[in-house]
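First the structure, in the form of structure tokens, and then the observations on it.
The values are calculated or read from the model by the stated rules, or taken from the named source; none is laboratory data. Being a predicted model, the structure only gives us computed values, none of them experimental. FYI the Cβ positions are ideal-geometry reconstructions off the backbone, even for glycines, and counts take in every protein chain you see.
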């Protein structure tokens, strides 16, 4: 059984057919790419997978469990985490506290414990701090744990968002254009980090990306979307040579 199974997925907004008869599946542990020109419907598919939009037709299953109709928070509990094309951080919170927000439902204490600041409160907070630091260390951010997220430069902010999504302990991590705005050196570093994350945390990754060097360098299989429909899918070395794919990106 595939970790993620998408069958005949479609959604319409008024008279616009944004996604139409999309089928793909992702095996556990796979690093999978979703690519296509601007406006192809890639982020719409992410929004369908995470419950932001409800499909007009089709099915979405994680480990055989249908997630259509579930709230975004419940889909996260099933095992799906994501980042966004436009970085979404708690800018007035520290780097450490941004990670701790993702750990909140993994550590529990009562409101009274919080108010009275009992030993249990401090013990749980210290444990959360240690866990959060582990994620920051993966992305080289541990030494910036106590600064405000707003004071990070663009590249580290992007890494922090990925680290926070990872801290929800997903089975499937969706990365929406993780290399957007990064310079070539940062992109290479990100490629290595994504591979490390997949191998170290034993998770599956689906990413949207326009940087074809990154896509061909780390993705084991890719799906090409154009005008909401499948254009091609398969291994990168074959798909990126497909003339229809080249035309969709570059024109005739």
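Here are some notes:
- Lone qualifier among 48, 4 - being modelled with pLDDT of 95 or more and within 18 Å of residue 221 (Cβ to Cβ): 4
- Search result, residues across the stretch 41-57 that are in contact with a strand residue (DSSP E or B) (Cβ under 6 Å, 6 or more places away or on another chain) and at positive phi: 41
- Within the set 230, 177, 221, the sole residue that is surrounded by 13 or more Cβ atoms within 10 Å (Cβ to Cβ), assigned by TED's automatic domain parsing to the domain that holds residue 58 and on the phi > 0 side of the Ramachandran plot turns out to be 177.
- Looking across 214, 190, 196, one residue alone is touching a helix residue (DSSP H, G or I) at 6+ places or on another chain (Cβ under 6 Å), modelled with pLDDT under 95, outside any loop (DSSP other than H, G, I, E, B) and farther than 21 Å from residue 47 by Cα. It is 214.
- The single condition among (1) part of a loop (DSSP other than H, G, I, E, B); (2) in contact with a strand residue (DSSP E or B) (Cβ under 7 Å, 6 or more places away or on another chain); (3) assigned by TED's automatic domain parsing to the domain that holds residue 176; (4) surrounded by fewer than 18 Cβ atoms within 10 Å (Cβ to Cβ) that residue 38 does not meet is (2).
- Selection status of residue 162, outside any loop (DSSP other than H, G, I, E, B), in contact with a strand residue (DSSP E or B) (Cβ under 7 Å, 6 or more places away or on another chain) and not assigned by TED's automatic domain parsing to the domain that holds residue 49: yes
- Selected residue (only one of 87, 99, 60, 75 is in contact with a strand residue (DSSP E or B) (Cβ under 9 Å, 6 or more places away or on another chain), surrounded by 14 or more Cβ atoms within 10 Å (Cβ to Cβ) and not in a strand (DSSP E or B)): 75
Residue-by-condition table, conditions (1) modelled with pLDDT under 90; (2) over 16 Å from the mean Cα position of the chain (by Cα):
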{"residue": "88", "(1), (2)": "yes, no"}
{"residue": "112", "(1), (2)": "yes, yes"}
{"residue": "116", "(1), (2)": "yes, yes"}
{"residue": "135", "(1), (2)": "no, no"}
{"residue": "146", "(1), (2)": "no, yes"}
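- Residues satisfying the stated conditions in the stretch 129-155, i.e. surrounded by 19 or more Cβ atoms within 10 Å (Cβ to Cβ) and not in a loop (DSSP other than H, G, I, E, B): 132, 135, 136, 149
- Scanning the stretch 20-35 for residues that are more than 17 Å from residue 170 (Cα to Cα), in contact (Cβ under 8 Å) with a residue 24 or more places away in the chain, more than 14 Å from the chain's Cα centre (by Cα) and part of a loop (DSSP other than H, G, I, E, B) turns up nothing.
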